[in-house]
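These notes are about the structure you will find just below.
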Amino acid sequence: MSKFAQPSGRAQKAGTIHISRVWGSVLVIACFVLLGASAFAQTPAVGAKAPDFTLSTPTGKAVTLSTEQSGDDLVLVILRGFPGYQCPYCVKQVHDFADHASNFKAKNTRVLLVYPGPPADLDQHAKEFLEKQAELPSNVVLVTDPDYKVTNLYGLRWDAPHETAYPSTFILNKKGMVVFEKISHSHGDRLSAQDALDHLSTN
């Protein structure tokens, strides 16, 4: 081999460094793509600050989590919302919390219900859902999540046919920290209003 065909040691080293940097960049990008969603949308654990958000009621009133909490304890309930039908377990759970609204009020606690689903007609579906309830008490508020903004923010997207979110309940203390959570991977495994009240008493 002629001296012109064989690269110098310096050239070989430079080429190796260049290739290493390229592959390093590729690996970083791949990791970001694969892990990005989960890294930035993890379910808040007990002891963590609950991510703030703003959604709207079915009638268009904006509701912000931190404002709704306003320095008091708060129970945040992520429903299945509208997976193509009105979930009977959601109807039962909301009815249960509404029935115990006076008990939550006695503890200066508000209940915020999140109703996720496909964007098309979600407000109308939520209004139909509320028709299955007596009028919600003033300290129980339902908001819609038409683009899965909060469902994704809290890492609760149930990405399967006819699913929306994993039904979940978080209890937040006066500082907005999660002091209790229940994440369900089935339709009917829900936290009852009484269980939530019991956890409020111990935190």
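Tabulated data
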quantity	calculated
Solvent-accessible heavy-atom area per residue, rounded to whole Å², over the stretch 40-138 at 1.4 Å	49
Carbon/sulfur fraction of accessible area - the stretch 36-156, other protein chains in place, 1.4 Å, %	53
In the stretch 71-124, the chymotrypsin sites (Phe, Trp or Tyr not before Pro) that fall in loop regions by DSSP, at most 15 other Cβ within 10 Å	TYR85
Sum of side-chain charges, GLN124 neighbourhood, beta-carbon under 15 Å (Lys, Arg +1; Asp, Glu -1)	-3
Heavy-atom surface of the stretch 139-188, accessible at 1.4 Å and reported per residue (Å²)	40
Pair ASP121, HIS185: separation of 7 Å Cα→Cβ label points (nm)	3.3
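The values are calculated or read from the model by the stated rules, or taken from the named source; none is laboratory data. Please read all numbers here as calculations on a predicted model, not as lab measurements. Neighbour counts run over all protein chains shown; Cβ positions are idealised from the backbone, glycine included. Please note that ligands, DNA and RNA were not included when accessible areas were found on the heavy atoms of the full protein model with its side chains. Shrake-Rupley method; radii C 1.70, N 1.55, O 1.52, S 1.80 Å.
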